[in-house]
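One structure is given here, and the rest of the page talks about it.
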Amino acid sequence: MVWKPGDLLQGGKYKVESVLGRGSFGITYLVKDGKGDRAVIKTLDDPHLSTQAFKRLQSRFVTEAFKLAKCQHPHIVRLLADPFQEPAASQNLDLWCIAMEYIAGTTLENRDNQILSESEALNYIKQIGAALIVVHQNQLVHNDVRPGNIMIRAGSAKAVLIDFGLAREGDRTLSVNSVATATEPNYAPIELYSDKIPLQPYTDVYSLAATLYNLLTGKLPETAQNRKLNNQPLIPPQQHNPQISKKVNRAILQGMELDPENRPQSVQEWLDALGIATDANPPNPSVDLQTELAHKGLRLNQIQVIIALIGLIIAILATLLPLVQSNNNKNTPIPVITPKPK
């Protein structure tokens, strides 16, 4: 553990409360700020890699943190500020940290393998799918989509994609083995075990399809490694749960194809196969307000032009009216008075 409860971070802005979780590379802390509000701090854990590999990992960590700050979406965990550095005495170096919102709720993994209805499961998949589309638009791949990385906000049915510690571009900064062992094998596609297949949106398609498999069956899908190396079959989810529709059963199997080329190449394409329509870029209230104000401004300008035209017409009429009256007076014959005979 890098820091212990009671330690102060970022010049006293945050106070460490406890450790929320640990992974192969990262550690997550629950902290409180000066107002007593909860937040989450994520950093790299005690390095298990060589010094050079750890430096590369830390460089990637902070680079992706800045990129993730651009991935703003209601179903993506929100970053509270730019990444910052904090001394770690045990490692004799400064570690980069990410401050994120604290989400009260539970993960989809903590449902005791309860089988969800198709409508409920697809609602969560729709939300996370929309979030992943935004991630991919920013040239990132999450690489660790699974029920344990999907939070459901307390008292709602709103899902949030968390834990971007493995999010990367499609290159191979880390060794293949280090990447694969950092993920849950039942949700990891075969390319995470290969250094020849690039990591692309279809990588997250596989993991999202495997997540839906678990939500609808309560079972862990067969690992890609066993399917590839030991010819273990992937049991169709409909065999575990006959209530699954044919369309959804078929889409899950398509999304979990071993060969990436046989999968839908984007999350949107896979969601289309499920019959799910998403809005990856939800309306921005500020943009809507600006648009409305612009429209109101346009209407106001139109009214001002009309008023100006009416005023101009009145001015012209006021100028012409005396001239018309004068001209009429000139053309009116003067009456001749003839005296009456006596």
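The values are calculated or read from the model by the stated rules, or taken from the named source; none is laboratory data. All of these numbers come straight from a predicted model, not from anything done at the bench. Heads up, the Cβs are rebuilt from the backbone with ideal geometry, glycines too, and the neighbour counts pull from every protein chain shown. Remember, those area values only see protein heavy atoms, side chains included, never the ligands or the DNA or RNA. Shrake-Rupley method; radii C 1.70, N 1.55, O 1.52, S 1.80 Å.
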Tell me, what HN-Hα J-couplings in whole Hz come from the Karplus equation 6.51 cos²θ - 1.76 cosθ + 1.60 at θ = phi - 60° for each residue of the stretch 26-39, using x for Gly and Pro?
x, 9, 10, 10, 8, 10, 10, 8, x, 8, x, 7, 7, 8
Would you calculate the separation in nanometres between label points at residue 22 and residue 158, each defined as 7 Å from the Cα along the Cα-to-beta-carbon direction?
3.3
How many nm is it between the label spots at residue 265 and residue 195, if each spot is 7 Å from the Cα in line with the beta carbon?
2.7
Using the Cα centre as the reference, give the magnitude of the dipole from point charges on the C-beta atoms of the stretch 24-117 (Lys, Arg: +1; Asp, Glu: -1; all else neutral), rounded to the nearest 20 debye.
240
For residue 85 and residue 230, what is the calculated FRET efficiency with R₀ set at 45 Å and r taken between the beta-carbons, to the nearest 0.05?
0.50
At q = 0.12 Å⁻¹, what base-10 log of I(q)/I(0) does the Debye formula yield for the stretch 1-101 when every alpha carbon is treated as an equal point scatterer in vacuo?
-0.37
What's the FRET efficiency of residue 310 with residue 104 using the Cβ-Cβ distance as r and R₀ = 45 Å, to the nearest 0.05?
0.15
Per residue, how large is the accessible surface of the stretch 1-142? Use a 1.4 angstrom probe and give square angstrom.
49
If you count only protein heavy atoms and use a 1.4 Å probe, how large is the accessible surface of residue 55, to the nearest 10 Å²?
140
How much net charge surrounds residue 185 when only the other residues with a Cβ under 15 Å from the Cβ of residue 185 are counted, with Lys and Arg +1 and Asp and Glu -1?
-1
Kindly flag which residue pairs out of 15/42; 32/126; 13/35; 4/158 have an alpha-carbon separation exceeding 21 Å in this structure.
32/126; 4/158
Hz values of 3J(HN,Hα) by residue in the stretch 223-230 - Karplus curve (6.51, -1.76, 1.60), Gly and Pro given as x:
5, 5, 4, 5, 5, 7, 8, 10
